[in-house]
Amino acid sequence: MALIDDVKRVCDRLAPRGWQGLLQDVTGGAFDLSQGTSAQLAAALVQPLPASDRNRAGFDDFHNAGARAITGGSPARSLLYHALASPQVHPTLDGQPSADPDDYPTLDELEHVENYIFSLVADRTDLADTFVAVFAYQYRPASRSPHRRHADVAYSRTGVARVGTAAANYDPSRRSFWVGPQDGSDALAVLPARYGAFLARRTKPGAAGSVQGGHLGLRDDDYVFPVHKLFDGDECLDQRSLSLSFGEFHRNEKLRKTHSLSVAEAGLPVPPGFDINASPYVRDSQNGGNLATLEDVGSTRLVVPVPASALTRTVTQRNTITNTDQIVHFVVPRLRNVPRVGNPNRRNRFVSSTLEIPAYDSTPSSGPDDRLAPEYVNIRHAVDPAGPPTQPLNDLNLLAEPDYSEVMAEGGYAAAHFTDDSCDGCIEVIVEGLDPQTENLPAFSLITAPDFFPLADQSEVEADPSIRRVEPLSKGRLPVNPTLPRRSQPSVPSFDHSDTTVTAIVGAFASGPTVPVGGQPNRMVSFLPDGASNVFAPGWDTSRSRDARGSYLTSSGLGSPFPEDVKLCAAISSFWPAVAPDNARTFGNEGWANQLPMLDEELGFHPNHERVQSGEVTSYRGWDGEYGPFIERIGSRSFVNYVSIQRSDYVKQSLAGRIRVSLTADVQSEELIARNNALELCNQVLATPTEPIRCLVEFRKVDDWQTFGGRPEVLGGGFLFLFAELPARGSGVGDPERRPTDELDRVRRLIRKRHICQVGTNGVAYRNGRDAFVFVPFSDPTPPMG
């Protein structure tokens, strides 16, 4: 069947669902989606159209030169494709998303339109020096396109899928997959990434194409730009019939890596009878790793992570000595110093209760660390090495002090290894019908931890220079894992050390003014590298490893399992903004200040929280399964009650199914930036020559201060902050040290005095202890709150 027949079926289905009226309105009646025959539709699709109505919602960023419903070879200049593919366009009278998913095109239907666009230039003669490359790609609004000038397709040779506990949930109105499952539960839906095959060209940016975030000009490496989409059949390229066959290879080897270093380097000895070169120490696509599947979308493929019963779980292997199945485990070493270049006294614990494996030969001036093993390993669930695989785990978090601290320090017990489904791999395509000697570049595929802010991307948050440690993976210029084999030729590596632009996002050349990154509502979830973090000791989504030729990107340097890393990244004031929540105040800000603070509603309310006790809110656990901090009054004294980071265990919370994204999924980049700006204002007005220890206890969003009951000087909406000033150690004021509570995982600290900040659109009112409120107006008529 001809492609135009497929396109006609798409048009016929969608026309009565609002699309015919929408496109007629946008084109002043010039384009009619309903045509009697395929031939009539083909003629209508390429007829010149009058200037489209840019005032209609979603069409303001359509390509200025777009003058047809379909423009051969250019999705961005095809009005029909823009309407169907843009997450900002909806077939409703008010321009808002329709509640009926059938009102939108499916991925297969978008694929038909894409292929038809490229079929119209099947006779192009500029392909002599091209080769085959696999790209993850996504049609995006102007603010998220590679050049930010109009809506366009963003391409990358790296795709980022994400693990979960529920099946993938495609939301047609978003034109993307969504993090929540279809049943509306708190499970985490896996997030797939879509890949296609293209004829491509390696060249400098400029007329050949654009690079998101800029480039280094002639000094920079060449980039790979897509030129022509490849798809099955005889309409893709004249006088050729193509057949595409995709293959995937993914590998998770974090458990093996924990045992690959020597004991002197903090590696773990292998218990007798276990084979670390077999599953589950190494799980891959060829040994039943059950990590990902490839699902057809026409001539493209979705990499779909396999949903798991829990984000992490124990695994077993047949012990060759006992000839029994055993829980894979290791003996926890005693707390000790692990010599390391630049820090000879580095301990092999982080906050005492997490095993830390130091990075490779890193010095303070050498930049990010190369990690030959996972940075952190969970050590808080003991097992009986000779016990059955069904044995219950011995949760050491339940030990009382001082037994808990002693066990953590002394080690000597068998702790369970936990596996997760994060991994990296490659997506390869074999194209029959082309010269078999044609160069063929696979794509790098990451399957990573959940993104707790799926609508806020690194590339957007970095627009605010005051936010620290934010850089998208799309700006990284390291080669990717050269140890990954091609699926079709296992002896041939998929990637080379000299190829340093694999994680870049590229697109077509464009000119004209750019659209601001911020201020644009976002509903589409990115599966490209601008939604992932770049590497820094390590990143949330990937890490650096090395071989004899140098450093490269891989996923094996993250926590084992990754929830162990999630807790520590989140506790260090959002170590990776826009993916890692900033829950430093959950742990009483012990050693870390907030940067992008989370609202009380996102951290959860303890049963003893004063707002729970008053009946204002009900008690529930936050995004990480913990409860947020609260002020606790005992007699005449007030304390901050918070979670002990020594006791908090995100592996335990994962096993219980308490990790969720539903509380944070709708947060936009602008919201995160506004929180940061408001916190900075509070820090400025509360600054003193000798900075006290301040813990952010309460943080609330206020829609309108006058309705809420704030200070009369404060107008508009904003944020309410309540800080607790804690006595400095050795001050002699009360007891500044942590005190235990009746709950083993929580502690309390005495409050010296409280500080309140009310941030509005016109200024900030603050109160230092018992002093009177002071109002500081914004001198700039456009306040930094935005």
Would you say THR92 is of a type in the set (Val, Ile, Thr) and within 32 Å of the chain's Cα centre (by Cα)? yes
Screening ARG54, ARG77, ARG17 for residues that are basic (Lys, Arg) and touching a strand residue (DSSP E or B) at 6+ places or on another chain (Cβ under 8 Å) leaves only ARG77
When you go through GLU590, GLU564 one by one, which is the residue that is crowded, with 24+ Cβ neighbours inside 10 Å and of a type in the set (Asp, Glu)? GLU564
Taking the stated definitions as given, is ASP12 surrounded by fewer than 20 Cβ atoms within 10 Å (Cβ to Cβ), at pLDDT below 95 and of a type in the set (Asp, Glu)? no
Here is a list: ALA463, ALA409, ALA415, ALA382. Which entry is without any contact (Cβ under 8 Å) to a residue 60 or more places away in the chain and farther than 30 Å from HIS497 by Cβ? ALA382
For PRO87, state whether it is over 29 Å from CYS236 (Cα atoms), in a loop (DSSP other than H, G, I, E, B), in contact with a Gly (Cβ under 9 Å, 6 or more places away or on another chain) and open to solvent by less than 20 Å² (accessible area, probe 1.4 Å). no
Selection status of PHE605, modelled with pLDDT under 95, more than 22 Å from the chain's Cα centre (by Cα) and either over 22 Å from VAL702 (Cβ atoms) or open to solvent by less than 20 Å² (accessible area, probe 1.4 Å) (or both): no
Which one is least open to solvent (accessible area, probe 1.4 Å) among residues in segment 15-38 that are part of a loop (DSSP other than H, G, I, E, B) and in contact with a Pro (Cβ under 6 Å, 6 or more places away or on another chain)? GLY18
Within segment 136-145, tally of residues that are touching a helix residue (DSSP H, G or I) at 6+ places or on another chain (Cβ under 9 Å) and more than 21 Å from THR300 (Cα to Cα): 2
In this structure, does LEU41 turn out to be open to solvent by less than 30 Å² (accessible area, probe 1.4 Å), under 23 Å from ALA151 (Cα atoms) and either aliphatic (A, V, I, L, M) or without any contact (Cβ under 8 Å) to a residue 24 or more places away in the chain (or both)? no
How many of the residues in segment 261-295 are of a type in the set (Ser, Thr, Tyr) and under 13 Å from PHE330 (Cα atoms)? 1
Taking the condition of being closer than 16 Å to ALA167 by Cβ and either aliphatic (A, V, I, L, M) or surrounded by fewer than 20 Cβ atoms within 10 Å (Cβ to Cβ) (or both), how many residues in segment 181-212 meet it? 11
Going through TYR155, TYR116 one at a time, which residue ends up being under 19 Å from SER74 (Cβ atoms), touching a Phe, Trp or Tyr at 6+ places or on another chain (Cβ under 8 Å) and not hydrophobic (A, V, I, L, M, F, W, C)? TYR155
Of the conditions (1) open to solvent by 10 Å² or more (accessible area, probe 1.4 Å); (2) closer than 18 Å to SER119 by Cβ, ALA76 fails just one. Which one is it? (1)
Going by the conditions given, is SER491 among the polar types (S, T, N, Q), free of Cβ contacts under 8 Å to residues at least 24 places away in the same chain and surrounded by fewer than 17 Cβ atoms within 10 Å (Cβ to Cβ)? yes
Select from segment 456-488 the residues that are under 20 Å from ARG546 (Cβ atoms) and open to solvent by less than 50 Å² (accessible area, probe 1.4 Å) and list them in ascending order. LEU473, GLY476, LEU478, PRO479, VAL480, ASN481, PRO482, LEU484, PRO485
Where CYS695 falls short, out of the listed (1) touching a helix residue (DSSP H, G or I) at 6+ places or on another chain (Cβ under 7 Å); (2) at pLDDT 95 or above: (2)
Among the residues that make up segment 95-110, is at least one of them touching a residue at least 12 places away in the same chain (Cβ under 8 Å) and assigned to a strand (DSSP E or B)? no
Listed residues ALA200, ALA187, ALA161; which is over 30 Å from GLY58 (Cβ atoms) and not β-branched (Val, Ile, Thr)? ALA187
Looking only at segment 447-480, count how many residues are more than 11 Å from the chain's Cα centre (by Cα) and not in a loop (DSSP other than H, G, I, E, B). 6
In segment 386-440, what residues are open to solvent by 40 Å² or more (accessible area, probe 1.4 Å) and under 30 Å from PHE225 (Cα atoms)? ILE430, GLU432, ASP435, PRO436, GLN437, THR438, GLU439
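The values are calculated or read from the model by the stated rules, or taken from the named source; none is laboratory data. It should be emphasised that the depicted structure is a prediction, and the values quoted were computed from it without experimental measurement. Backbone-built Cβ (ideal geometry, glycine too); neighbour counts: all protein chains shown. These accessible areas exclude ligands, DNA and RNA; they are computed on the full protein's heavy atoms, side chains included. Shrake-Rupley method; radii C 1.70, N 1.55, O 1.52, S 1.80 Å.
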